[in-house]
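Laboratory data are not the source of any read-out in this text; all were calculated from the coordinates shown. In this text the structure is predicted, and so the values were computed from the model without any measurement. Note that each Cβ is placed from the backbone with ideal geometry, even for glycine, and that neighbours are counted across all protein chains shown.
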Amino acid sequence: MSGILIRGGRIIDPANNRDEVGDLLMVEGRIADQSAITHQLSAVEEIDATGLIVSPGLIDIHVHLREPGFGWKETIESGARAAVAGGFTTVVCMPNTSPVADSPSTIAWIKDRAAEVACVNVLPTGAISKNLAGEELAPIGSLAQAGVVAITDDGHCIQNNELMRRAVEYARMVGVPVLDHCQDYNLVGTGLVHEGYWSTLLGLPGWPSAGEEAIVARNVLLAELCEHQIHCQHLSAAGSVRLLREARTRGVRVSGEVCPHHIALTDESVQNFDTNYKMNPPLRTGRDIEALREGIADGTIEILASDHAPHAGFEKEVEFDRAPFGIVGLETELGIFLDRLVHKHRTIDLPRLIQMLTWNPARLLGLNAGTLSLGAAADVTLIDPDLDWMVDVSRFESASRNTPFDGWKLKGRAVRTIVRGKTVWQL
């Protein structure tokens with residue numbers, strides 16, 4: 001029996017409050033006690049991690065892998081390669097596929113396909129409503145039995161509050177959290193960009209912050225009423241942070257996540273009508289970014305995610321109002337968070353960043369991941385926090401190239417990704 005020993009790295013394992021320079025042993029795809037080196041192993045391969053962070057494999061709970069149905073944008077295989085190139089060993093895929101992941105058979109297909117072609121752990125979510133139409137609940141119990149880790153209508157938002165209440169109650173019964181894309185259709189209307197100075201100047205329909213905040217407030221009320229976890233996806237507005245902070249202070253089971261583009265870009269970016277800056281929710285103001293950073297700093301927001309949303313070039317190369325919302329994010333996510341939250345603004349420190357990308361998402365979804373505990377799966381990410389690099393879309397592993405970050409200079413990135421004890425990507 002052989003093992004792999006990662007030597008001399010700074011091991012940051014928030015699940016066990018561990019932050020120290022040391023060695024980490026992996027045997028047969030599991031984290032092992034180093035006493036096994038002398039007692040059980042016939043050979044040991046060594047990886048020099050001097051100057052690197054040794055982290056539990058990163059987890060992204062908000063990823064669109066597009067299969068089944070939209071393979072020209074991304075496939076489970078190409079999305080998995082993008083994930084490991086970004087340092088992620090576990091990704092949670094959204095259900096807005098074709099067919100929609102609203103039945104056990106579709107969930108089974110996704111799991112089987114991932115087992116066949118993916119180099120990472122791919123965990124499916126199920127839809128809240130049938131066909132994401134917001135009119136009739138999907139078979140939540142059957143979806144839970146099929147192995148979904150959460151339910152969500154991401155890309156859509158249930159407007160019927162009574163239907164949403166029943167969904168949360170069913171989710172509580174079967175033990176899965178509810179993830180919600182917060183968008184009040186009536187308030188948002190035909191909005192394309194943040195409602196404010198730039199929407200007025202450019203003559204583009206505005207998308208008010210209240211269109212997000214109204215649903216965040218609704219979710220706070222339902223989480224309190226149903227005593228169950230609701231997680232608000234891709235928060236972008238200052239008011240959302242304020243609502244979340246007040247609710248969590250009272251012990252309400254509600255949480256939120258932030259994506260890289262919402263802390264790195266403002267609505268000013270849309271002034272050239274570049275569709276790679278068209279997001280849902282839209283890029284907002286500097287004041288909103290400051291509020292998001294404050295929410296991250298004080299623990300109101302506990303999770304970071306990408307909302308990796310691939311689109312083919314021909315889909316984005318159209319008029320601004322006709323282009324789909326969203327950008328790819330898996331390969332730039334860690335670099336932007338390190339660059340903006342740790343290095344430039346010192347919003348949080350490295351251990352806290354690792355926690356928001358490992359242990360916190362694992363706890364939210366009840367995953368046996370995000371830890372370097374003995375016996376845990378040997379999913380490990382090696383990170384060089386001081387590596388200067390430039391984003392180059394021509395080298396992306398993703399099948400799509402829709403990003404506003406091409407050419408950006410960032411500091412810090414993953415340099416090796418290990419899944420179940422096997423190196424699946426290396427810089």
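Quick notes on this structure:
- Taking label points 7 Å from Cα along the Cα-to-Cβ direction, GLN159 and ASP392 give a separation of 4.7 nm.
- Percent antiparallel among DSSP beta bridges (both partners in segment 57-365, rounded to 5): 5 percent
- Most fluctuating residue given options ILE47, ILE140, ILE76, as computed from a GNM of the chain linking Cα atoms under 10 Å: ILE47
- The residue list MET26, ILE61, ASN131 was ranked by how far each Cα lies along the charge dipole of segment 21-170 toward its positive end, using unit charges on Cβ atoms, and ASN131 comes out on top.
- In segment 3-86, the trypsin sites (Lys or Arg not before Pro) that fall in loop regions by DSSP, at most 14 other Cβ within 10 Å: none
- Once backbone amide H atoms are built at 1.01 Å from N, ARG30 has ALA378 as its partners under 5 Å, excluding neighbours fewer than 5 places away on the same chain.
- Value of Rg/Rh across segment 182-236 [Cα atoms, Kirkwood radius]: 1.11
- Karplus-based coupling profile of segment 175-180, in residue order and whole Hz: x, 10, x, 10, 9, 10, with θ = phi - 60° in 6.51 cos²θ - 1.76 cosθ + 1.60 and x standing for Gly or Pro.
- By the equivalent-ellipsoid construction on the alpha carbon gyration tensor, segment 328-385 comes out with semi-axes of 22, 12, 12 Å, ordered largest to smallest.
- With only the Cα atoms considered, segment 99-234 has a convex hull volume of 123 Å³ per residue.
- Selection of GluC sites (Glu not before Pro), segment 211-310, meeting DSSP coil and at most 15 other Cβ within 10 Å: GLU227
- Amide proton proximity set for VAL415, modelled H, under 5 Å, gap of 5+: LEU382, ILE383, ASP384
- Treating r as the C-beta distance of ASN272 and PHE314 and R0 as 25 Å, the FRET efficiency rounds to 0.80.
- Using a simple spin-label model with pseudo-atoms 7 Å out from Cα toward Cβ, LEU221 and GLN426 lie 5.6 nm apart.
- Farthest towards the positive end of the charge dipole of the chain, among the residues TYR185, THR249, MET1, is the Cα of MET1, using unit charges on the Cβ of Lys, Arg, Asp and Glu.
- Its Cα gyration tensor gives segment 57-365 an equivalent ellipsoid, and the semi-axes of that ellipsoid, as √(5λ) in whole Å with the largest first, are 26, 22, 21.
- Computed from backbone phi, the HN-Hα couplings of segment 331-347 come to 8, 10, 4, 4, x, 5, 5, 4, 5, 8, 8, 9, 7, 6, 9, 6, 5 Hz, rounded to whole numbers (Karplus: 6.51 cos²θ - 1.76 cosθ + 1.60, θ = phi - 60°; Gly and Pro given as x).
- Spatially, segment 304-339 and segment 361-427 are offset by 17 Å when compared through their Cα centroids.
- Bridging of LYS73 to aspartates and glutamates at a Cα separation below 12 Å is possible for GLU315, once same-chain residues fewer than 8 apart are set aside.
- With the charge dipole of the chain set up from +1 on Lys and Arg Cβ and -1 on Asp and Glu Cβ about the Cα centre, the Cα lying farthest toward the positive end among the listed residues VAL342, PRO14, LEU374 is that of LEU374.
- Taking GLN233, GLN183, GLN271 as the candidate residues, the one with maximal mean-square fluctuation in a Gaussian network model of the chain, Cα springs under 10 Å, is GLN271.
- Residues whose amide H lies under 5 Å from that of SER129, counting only those 5 or more places away or on a different chain, are GLY134, ALA138; hydrogens are built 1.01 Å from N in the peptide plane.
- Between segment 1-68 and segment 239-260, the alpha-carbon center distance in angstrom: 33 Å
- Shown here for segment 298-384: chymotrypsin sites (Phe, Trp or Tyr not before Pro) in loop regions (DSSP other than H, G, I, E, B) with at most 15 other Cβ atoms within 10 Å, namely PHE325.
- Across segment 369-385, rounded Karplus estimates of 3J(HN,Hα) from the backbone phi angles (6.51 cos²θ - 1.76 cosθ + 1.60, θ = phi - 60°) give 7, x, 8, 10, 4, 4, x, 6, 4, 7, 9, 9, 10, 9, 10, 9, x Hz, Gly and Pro being marked x.
- With both labels modelled 7 Å from their Cα along Cα-to-Cβ, the TRP408 to ASP321 distance reads 2.9 nm.
- Note on segment 57-365: with charges restricted to the Cβ of Lys and Arg (+1) and Asp and Glu (-1), its dipole about the Cα centre is near 600 debye.
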